[in-house]
Each structure stands twice: as structure tokens, then as C-alpha cells.
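What follows is calculated from the coordinates using simple rules that are stated; it is not laboratory data. The structure presented is a predicted model; accordingly, all values stated were derived computationally and were not measured. Every residue, glycine among them, receives a Cβ derived from its backbone with ideal geometry; neighbour counts consider all protein chains shown.
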Amino acid sequence: MIIAVASGKGGTGKTTVATNLALVLAQKIKVQFLDCDVEEPNAHLFLKPELKSAEPVSIPVPQVDRERCNYCGLCAEVCAFNALMVGKETVLIFEQLCHGCGGCAYFCPEKAIKETSRPIGLLERGAAREISFVHGKLNPGEALAPPLIKAVKQTIASFDLTIIDAPPGGSCPVVEALQGSDYCLLVTEPTPFGLNDLAIAVELLKKLHLPGGVVINRSLGGRGEESIVSYCRNERIPILLKMPWDRELASLYARGEPAAAHLPAWGELFAGLGRQILEDERRAR
Ligand code: SF4
Ligand code: SF4
């Protein structure tokens with residue numbers, strides 16, 4: 001089973017939920033953890049894996065053979081990402097815009113385009129005790145996260161459970177991280193921004209036909225929380241856990257310590273969450 005943990009916005013506690021869930025469930029089943037939040041991976045700060053290997057991840061980018069090119073402009077026409085510009089006697093390639101789709105090389109009538117590779121990040125593997133751990137680290141300034149996320153997901157192996165820590169938001173990297181999952185846990189906070197971004201994330205789950213449930217972090221009651229509860233009721237999406245505001249939890253987070261490993265009551269909460277997800281996913285099947 002593959003569970004993705006996502007959030008419509010950053011800073012909701014997504015990684016706190018994902019890492020604690022991995023720790024409690026790893027006591028019973030074989031767990032693999034993939035940190036696909038490649039722009040800002042931080043699950044390793046909490047799981048503290050021993051990293052055993054690192055491999056660069058690259059994407060193919062075009063290289064034009066000027067001897068063969070007749071400057072017909074077809075490559076620029078087929079490029080959906082405006083990564084090519086053809087002048088009278090020049091072809092400009094904007095590598096940062098190139099998605100490595102290979103379309104330009106495929107359609108070039110003169111076979112003037114070869115592919116070379118451009119590194120976009122690093123994939124590191126290791127283990128955090130019994131948890132198999134993989135994360136991607138996007139190069140600073142690099143905009144193209146999906147190919148690195150894809151590379152991280154290609155390491156999915158036959159564990160009882162794979163937990164994917166998805167990037168925040170609702171754009172292409174999130175879609176890449178969520179695709180192929182069996183269930184998605186959406187972590188939100190009881191604020192108007194939290195509700196707005198939760199609604200975007202729920203729409204995305206609908207488009208991906210992905211069952212999901214909600215965790216409300218920093219739960220304090222009040223109107224903000226009531227709005228989220230009412231929204232979830234209308235959308236028929238279950239609220240699986242309300243994580244109360246807890247100073248001790250925040251203090252552990254600041255020190256990079258997972259709550260489940262230090263506070264038994266929180267360990268119980270996350271274990272209960274794990275049980276509910278497994279039941280919910282079974283019901284949704
Ligand atoms: S399609 Fe091929 S021949 Fe035409 S401009 Fe591009 S590289 Fe040159
Ligand atoms: S490989 Fe694809 S994205 Fe890159 S320049 Fe060619 S057509 Fe554009």
C-alpha cells in the first residue's frame with residue numbers, strides 16, 4: 001500500500017505526521033519512507049537515517065548540430081515549454097525551461113538534435129533503523145522537481161507500506177508525488193488559509209480519483225476549525241485526527257525529535273491514525 005501525505009500549503013505539519021506515522025507503523029509492518037518534497041526535504045532531520053548511497057539525477061536536454069541544422073524552426077514550434085528559439089542562423093536553448101521530453105529531437109527533419117544530460121539533483125538512500133529511507137534533493141535554483149520526484153518514486157519496492165511525503169501545494173510536483181498512491185492524507189490547519197488550500201488539495205484528489213482523509217493540526221476549536229469540519233462534512237471526506245496544540249510537540253519539532261518516540265500519548269494518537277487509514281483505504285477499495 002502507498003500512502004501519500006500532502007498539504008495544500010507549507011508549514012501545516014505534513015512532515016511531522018508522515019514521519020511519526022512511519023515510526024509507529026514500522027513497529028508492526030515493513031515501512032519504506034520516500035521524501036518527495038525535493039525542494040526542501042526535511043524528513044531526514046526527524047528519522048535520522050544512515051545514508052548509504054547517493055546518485056545524481058539528470059534530465060536529457062537537446063544539443064544542436066549546426067552542420068546539419070537548416071534553421072527551419074520546427075523544433076521551436078513543437079516545444080510546449082518555449083525552451084527553444086530559432087533565429088536566422090542560430091538555435092537558442094533555454095535549458096532551465098526544457099522538460100527533457102525529447103519532442104524536438106523526434107521531429108527534427110535533419111536529425112540535427114542530439115541529447116545531452118543536465119543534472120537536476122541528488123537521490124540518496126539509506127535506512128532509519130527498520131525504515132527504508134529515500135529522499136531527493138533538488139539542486140539550488142533548479143525549477144524542475146517532477147523528474148527528481150519520479151526518480152525517487154522509482155525506488156518503491158515491495159514493502160507492506162510506502163509513505164510518500166509529498167511537496168506542499170497543488171502544482172505539477174504534487175501531482176507527480178501523488179500519482180499511483182492508494183490513499184492520501186491531507187494535513188491542514190484551522191485557519192482561513194488552511195481551509196482555502198485544503199479545498200484546492202481536495203479538488204486535486206478528486207481529479208486523481210484518490211481516496212483521502214484529513215488531519216487538523218494545531219487544533220484549538222473555534223470558528224476556523226468549525227469551518228474545516230463543516231467543509232469536510234460537505235465534501236464527505238473524513239477527519240481522521242485532530243492534533244491538539246501542544247507546546248511540548250513544538251519544542252520536540254524544533255529539536256528535530258519525533259513526538260512518537262518521546263511522548264507515549266502522541267505515539268498512541270499516530271498509531272490510531274495509522275489504523276484508521278488502513279481501514280478507510282480498505283473501505284474505499
Ligand atoms: S528542427 Fe532541426 S533543422 Fe529545424 S531548426 Fe530545429 S534543429 Fe534545426
Ligand atoms: S526536449 Fe522537449 S522540452 Fe526540451 S527543448 Fe526539446 S521539445 Fe522542448
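Remarks
- Each label point was placed 7 Å from the Cα along the Cα-to-Cβ direction; for Ala143 and Ala261 their separation is 3.8 nm.
- Considering helices alone, the calculated mean residue ellipticity of the chain at 222 nm is -10500 deg cm²/dmol, with DSSP H runs of length four and up weighted by -39500 (n - 2.57) and normalised per residue.
- Think of it this way: in the chain, Cys36, Cys69, Cys72, Cys79, Cys98, Cys101, Cys108, Cys172, Cys184, Cys232 stand alone, with no other Cys Cβ under 4.7 Å.
- Exposure proxy order (Cβ contacts within 10 Å, fewest to most) of His99, His135: His99, His135
- With Cα atoms, 0 to 90° folded angle of helix 14-25 axis to the chain main axis: 60 degrees
- By average C-beta atoms within 10 angstrom, highest first, the peptides 218-228, 49-59, 176-186: 176-186, 218-228, 49-59
- Between helix 264-284 and the chain: long-axis angle, C-alpha atoms, 0 to 90°, nearest 10: 60 degrees
- When you count the other C-beta atoms within 10 angstrom of each residue and take the mean per peptide, 140-149, 3-12, 79-88 line up highest first as 3-12, 140-149, 79-88.
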